[in-house]
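S.K.: Please find one structure pasted underneath; my questions will follow.
The values are calculated or read from the model by the stated rules, or taken from the named source; none is laboratory data. The model shown is predicted, which means the values in this text are computed figures rather than measured ones. Glycine gets a Cβ as well: all are built from the backbone with ideal geometry, and neighbour counts include every protein chain shown. To get the accessible areas, we keep the full protein, side chains included, count just its heavy atoms, and leave off ligands, DNA and RNA. Shrake-Rupley method; radii C 1.70, N 1.55, O 1.52, S 1.80 Å.
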Amino acid sequence: ADLPADVLTRAVMRGAILSSADFERKPMAPALARTALAAADAVGMQTKRDMFAGSILRASDIGPPALVRRGEAVTLEVRKGALAISAPGRALADGGMGEAVRVVNLATNRTLDARVAGTALVSVAMP
């Protein structure tokens with residue numbers, strides 16, 4: 001007996017932000033239905049690869065929307081107590097909120113590890 005699962009109503013490109021209109025419930029083989037992500041868990045998330053209409057989503061197919069994009073300008077921020085220092089930088093990878101990304105400090109040309117803290121904003125841990 002088939003089980004209901006949420007499937008995509010249309011093909012979506014890598015990097016698309018999913019909405020509830022992108023899903024419909026369809027009967028699927030139990031093995032597939034059990035691994036399918038619920039539409040409620042995917043809405044607002046960004047696809048990591050191109051997806052076909054009628055396909056199910058798995059957790060590995062989506063992630064938080066990228067707030068930092070590879071090659072784009074970012075603000076590097078270092079905080080220690082009340083002290084805050086910022087510098088211009090460039091992201092070397094895409095990243096969602098809280099994700100680790102490599103960035104280049106444009107003032108020193110050094111590559112640093114940082115965490116995404118907002119749109120075009122990354123925070124660097126104090127050494």
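S.K.: Could you please find all residues in the range 8-28 being outside any helix (DSSP H, G or I), under 18 Å from the mean Cα position of the chain (by Cα) and either exposed (fewer than 11 other Cβ atoms within 10 Å of the Cβ) or not hydroxyl-bearing (Ser, Thr, Tyr) (or both)?
M.R.: Val12, Met13, Arg14, Gly15, Ala16, Ile17, Leu18
S.K.: Checking Ser123 against (1) part of a strand (DSSP E or B); (2) open to solvent by less than 40 Å² (accessible area, probe 1.4 Å), which single condition isn't satisfied?
M.R.: (2)
S.K.: How do the strands (runs of 3 or more DSSP E) wholly within the range 58-106 filter down when requiring 1 or more residues that are among the charged types (D, E, K, R), open to solvent by less than 50 Å² (accessible area, probe 1.4 Å) and out of contact with any helix residue (DSSP H, G or I) (no Cβ under 6 Å at 6 or more places or on another chain): which remain?
M.R.: 73-80
S.K.: Quick one: which of Ala31, Ala5, Ala1 is outside any strand (DSSP E or B), in contact (Cβ under 8 Å) with a residue 12 or more places away in the chain and not aromatic (Phe, Trp, Tyr)?
M.R.: After applying the criteria, what remains is Ala1.
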